[in-house]
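Student: Here you go, one structure.
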Amino acid sequence: MSTKNKANDPKDLSFTEKARRAQIVQCAIETIAEVGYAQASIGQIAKRANVSKGVITYHFASKDDLLEEVVAAYAIAAEAFIRPVVANAVGPKERLRKYMEANLAFIAEHRKMVFAVVEIAAGMRTKEGKLRFSADADESIYQPIEEILYAGAEAGCFRAFTPLSARVTALAIRHAIDGFSLELMRTPDLSVKEYTEELISIFERAVSNVDYE
């Protein structure tokens, strides 16, 4: 077997190599979701994939390299799942509802992947000791929500927002969505439908231009 690491030139991968990498990523997801970030070794992932550790290191330069691929796969899957739903919504109110529904549905339907990414985000650090993946530093997470809020305010269906109030509201919505994954970890048989409706109701009231008694 060649000692050249295939992670360095993914564009040159054959169909078989792409399939093997995808298998390894899936096994990493399942292992991390089961035992956590700290306990998920290359050996355990290889065992689940029914391959040698050498096969893992042939395709991925390190455990960190593999885990970054897991996060990348999550981002691609989430984007493909959520974006079309939101894009087809009509008006800011429906866009906000569909945004939240799609995010919660993705989490519910891809639990192991989401649980694995939560573990990676909480445990993986840079050489300087900082968290490798910091959602708070990623404008792409909050900007779409803020855009919906501003559009709703302009259309008259949401209350007025300042830059600060829009950011705080976007943070609250995003953290509420992310918190759903933790609730699913604690309560696997949670009613996703009821949870979704309740959460949406809370934020529809929070952004509405109507005063509720």
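The values are calculated or read from the model by the stated rules, or taken from the named source; none is laboratory data. The shown structure was predicted, so the numbers you read here are calculated from the model rather than taken from an experiment. Ideal geometry is used to build each Cβ from the backbone, glycine not excepted, and the neighbour counts take in all protein chains shown. Areas reflect the complete protein model, heavy atoms only, side chains present, ligands, DNA and RNA absent. Shrake-Rupley method; radii C 1.70, N 1.55, O 1.52, S 1.80 Å.
Student: Could you tell me whether Ala160 is out of contact with any Gly (no Cβ under 9 Å at 6 or more places or on another chain), assigned to a loop (DSSP other than H, G, I, E, B), at pLDDT 95 or above and open to solvent by less than 50 Å² (accessible area, probe 1.4 Å)?
Tutor: Working: out of contact with any Gly (no Cβ under 9 Å at 6 or more places or on another chain): yes; assigned to a loop (DSSP other than H, G, I, E, B): yes; at pLDDT 95 or above: yes; open to solvent by less than 50 Å² (accessible area, probe 1.4 Å): no.
Against the criterion (out of contact with any Gly (no Cβ under 9 Å at 6 or more places or on another chain), assigned to a loop (DSSP other than H, G, I, E, B), at pLDDT 95 or above and open to solvent by less than 50 Å² (accessible area, probe 1.4 Å)), Ala160 does not qualify.
Student: Give just the number: which of (1) more than 20 Å from the chain's Cα centre (by Cα); (2) open to solvent by 40 Å² or more (accessible area, probe 1.4 Å); (3) among the aromatic types (Phe, Trp, Tyr) does Phe60 not satisfy?
Tutor: Unmet condition: (2).
Student: Taking segment 29-51, which residues are of a type in the set (Asp, Glu) and touching a helix residue (DSSP H, G or I) at 6+ places or on another chain (Cβ under 7 Å)? So that I can check it myself, show each step before the final result.
Tutor: If we filter segment 29-51 for residues that are of a type in the set (Asp, Glu), which is where we start, we get 30, 34.
Answer for segment 29-51, where residues must be of a type in the set (Asp, Glu) and touching a helix residue (DSSP H, G or I) at 6+ places or on another chain (Cβ under 7 Å): just Glu30.
Student: Something else: Name every residue in segment 18-30 that is free of Cβ contacts under 8 Å to residues at least 60 places away in the same chain and surrounded by 14 or more Cβ atoms within 10 Å (Cβ to Cβ), in order of residue number. Talk me through it step by step, then tell me what you get.
Tutor: Step one: list which residues in segment 18-30 are free of Cβ contacts under 8 Å to residues at least 60 places away in the same chain, which gives 18-27.
Across segment 18-30, the qualifying residues are Arg20, Arg21, Gln23, Ile24, Val25, Gln26, Cys27.
Student: Residues of segment 168-180 being buried (at least 16 other Cβ atoms within 10 Å of the Cβ) and either under 12 Å from the mean Cα position of the chain (by Cα) or more than 18 Å from Arg97 (Cα to Cα) (or both), which ones?
Tutor: Result: Arg174, Ile177, Asp178, Phe180.
Student: For a quick check of your reading of the model, give me the residue pairs whose first member lies in segment 112-125 and is under 13 Å from Glu30 (Cβ atoms), whose second is surrounded by 16 or more Cβ atoms within 10 Å (Cβ to Cβ) and of a type in the set (D, E, K, R), with beta-carbon atoms closer than 7 Å and at least 6 apart or on different chains.
Tutor: Lys112/Glu30
Student: Scan Glu183, Glu197 and give me the residue that is assigned to a helix (DSSP H, G or I), in contact with a Leu (Cβ under 9 Å, 6 or more places away or on another chain) and surrounded by fewer than 18 Cβ atoms within 10 Å (Cβ to Cβ). Before the answer, list the steps.
Tutor: Working: Glu197 fails: in contact with a Leu (Cβ under 9 Å, 6 or more places away or on another chain).
The conditions single out Glu183.
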